[in-house]
Amino acid sequence: MSEFATVRRENLRALFRQFQLKRVGSGEAARGLEGEFAASIDVALSTLSVIKGGGKTVRNIGDKLARQIEHRLGLPVGWLDVEREDPEQPSALEERFVEAARIWYRTASSKERRELLHRFRGG
């Protein structure tokens, strides 16, 4: 796999993580978010799965699909093609969210904890 293909894949994964963080942070269940993200970029869930990689089958993100993803997400043309500092590094917003969640979890009752864990498991 070329470095160019890796950059696009890592940027797509980062976009998906941002999508998840925003939706779960607003109180939605985690279940089904991959399908919703696929719909937001106008691809089938199976296509998203193979372009994100991580499984046995991996497909590169071609130019046409890259431009489609950028357009659907309101990103500038070529955004997927630019290597980021470290797409795996959490943003400051993500760090604040995790810290706030940790504080809440530590002060929550056992019932509230169970409900939260149930929500994250897609219940």
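Yes or no: the range 49-56 includes at least one residue that is modelled with pLDDT of 95 or more, surrounded by 12 or more Cβ atoms within 10 Å (Cβ to Cβ) and either touching a Phe, Trp or Tyr at 6+ places or on another chain (Cβ under 6 Å) or closer than 25 Å to residue 26 by Cα (or both).
Taking the range 49-56 and keeping what is modelled with pLDDT of 95 or more, we get none.
No, the conditions are met nowhere in the range 49-56.
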Counting just the residues of the range 11-44 that are among the acidic types (Asp, Glu) and either touching a Pro at 6+ places or on another chain (Cβ under 7 Å) or over 19 Å from residue 59 (Cα atoms) (or both), which one comes out modelled with the lowest pLDDT? 28
Given (1) closer than 30 Å to residue 7 by Cα; (2) at pLDDT below 80, number of the condition residue 117 does not satisfy: (1)
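Output the residues belonging to the range 65-90 that are among the polar types (S, T, N, Q) and either at pLDDT below 95 or under 12 Å from residue 9 (Cα atoms) (or both). Quick ask: steps written out before the conclusion?
The first filter runs over the range 65-90 and keeps only residues among the polar types (S, T, N, Q), leaving 68, 89.
Matches in the range 65-90: 89 only.
The values are calculated or read from the model by the stated rules, or taken from the named source; none is laboratory data. Because the structure is predicted, anything quoted here is derived from the model rather than measured. Virtual Cβ from ideal backbone geometry, glycine too; neighbours counted across all protein chains shown.
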